[in-house]
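Down below is the structure, laid out as structure tokens.
The values are calculated or read from the model by the stated rules, or taken from the named source; none is laboratory data. Keep in mind that this is a model prediction, so the values were computed, not measured. With ideal geometry, Cβ positions are generated from the backbone for all residues, glycine too; neighbour counts draw on all protein chains shown.
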Amino acid sequence: MNKKIRTTLKIALPLVLGIILVWYSLSKISFQELLQYFKDANYIYILLGLIFGLFSHLSRAYRWKFMIEPMGYSLRMSNSIMAVFAAYLVNYTIPRAGEIIRGSILTNYEGVPFEKGFGTIVAERIADMLMMVIIIIITLFLEFEFIYEFFSARFHPLKLVIGSAILILVAVLFLIVIKRSKSKFAVKIKTFVSGLIEGAMSIFKMKKKWAFIFHTFFIWAMYILMFYITTFSLEETTNLPLTAILIGFISASFSIAATNGGIGSYPVAVYIAFSMFSIAKEPSIAFGWIMWSSQTLMIIILGGLSLIYLPIYNRRK
């Protein structure tokens with residue numbers, strides 16, 4: 001498969017998947033019902049959710065400065081903010097293209113070599129991935145009994161143990177094969193893993209590492225608060241248990257990587273998570289659409305303004 005076909009598939013497949021998932025979610029609820037949920041929603045809580053989301057994005061922009069400064073460059077906060085929002089917006093068109101745009105903005109307007117700027121973005125993603133792992137572990141620790149009972153009620157405990165043992169065995173065998181192999185695929189895997197470890201360790205070597213760690217926790221705390229506070233916008237999702245909030249948040253977070261900016265996949269991910277708690281499909285899907293639509297609208301407005309104003313602002317400078 002040549003490079004052109006691979007590139008086309010990377011762009012087309014998430015878009016096609018998103019369209020299919022939009023159709024699937026709307027097959028579970030009529031458009032009139034969905035519209036009624038939007039009309040009846042309490043927009044004070046939606047606005048509060050947007051404010052928490054905005055805080056997380058601003059914190060991400062400020063955190064980026066801690067990674068740029070040790071390399072001998074100074075990143076203006078205004079450019080950092082606009083680069084972050086522009087990157088989010090571009091990710092709605094081509095998955096992961098926003099990171100490239102963000103690195104390019106840094107090069108064009110701050111004079112930071114692209115490979116160095118892009119390296120900091122990769123390190124950011126490693127920190128975010130570690131935070132997601134921490135949230136999953138905390139969720140398992142706090143709600144282990146519920147999660148265990150949920151799966152044991154649907155799958156025989158012995159099958160769960162055997163299935164887990166098989167997965168662990170396959171993972172160990174895969175790691176052994178990759179470690180000993182010298183194929184191009186194995187080398188790529190080892191390079192990627194070593195890069196993850198090196199990037200994670202580099203966080204603890206920077207001068208302002210504790211500020212970086214604080215902002216990393218703050219960003220994800222705002223993400224969770226954004227999700228939590230918006231549940232109060234619908235009467236049916238007002239009294240969700242902590243388990244539902246955490247599992248819904250985790251499921252929705254992973255859905256963003258599945259399609260362009262989570263289009264279609266976000267409401268479906270929320271619906272699947274909330275169905276574990278016997279929450280009706282209509283409010284579950286409606287809440288997913290409200291969450292996704294409000295955040296997407298913010299990104300479209302602020303990301304679009306950022307792309308327009310970036311050259312104007314930097315021409316003046």
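Considering each residue of segment 12-39, count those that are among the small types (Gly, Ala, Ser), part of a helix (DSSP H, G or I) and free of Cβ contacts under 8 Å to residues at least 40 places away in the same chain, and give that number. If you could, list the steps in order and put the result at the bottom.
Residues of segment 12-39 among the small types (Gly, Ala, Ser): 12, 18, 25, 27, 30.
If we keep only those that are part of a helix (DSSP H, G or I) as well, we get 12, 18, 25, 27.
Those left that are additionally free of Cβ contacts under 8 Å to residues at least 40 places away in the same chain: 12, 27.
Count: 2.
Give the residues of segment 246-274 that are under 19 Å from ILE46 (Cβ atoms) and over 16 Å from the mean Cα position of the chain (by Cα), sorted by residue number.
Scanning segment 246-274 gives TYR271, PHE274.
Can you tell me which residue within segment 63-108, out of those that are of a type in the set (Phe, Trp, Tyr) and touching a Ser or Thr at 6+ places or on another chain (Cβ under 7 Å), is nearest to ILE312 (Cα to Cα)?
It comes out as PHE85.
Only one of (1) surrounded by fewer than 20 Cβ atoms within 10 Å (Cβ to Cβ); (2) of a type in the set (Val, Ile, Thr); (3) at pLDDT below 95 fails for ILE229. Which number is that?
ILE229 satisfies every listed condition except (3).
Being at negative phi and assigned to a helix (DSSP H, G or I) is the requirement here; does MET206 meet it?
Values: at negative phi: yes; assigned to a helix (DSSP H, G or I): no.
No; evaluated as a whole, the condition is false for this residue.
Answer yes if at least one residue in segment 94-103 is more than 23 Å from the chain's Cα centre (by Cα) and charged (D, E, K, R), and no otherwise.
There is no residue in segment 94-103 that is more than 23 Å from the chain's Cα centre (by Cα) and charged (D, E, K, R).
Might you check whether a residue that is under 18 Å from PHE114 (Cα atoms) and hydroxyl-bearing (Ser, Thr, Tyr) occurs anywhere in segment 57-79?
Yes, some residue in segment 57-79 is under 18 Å from PHE114 (Cα atoms) and hydroxyl-bearing (Ser, Thr, Tyr).
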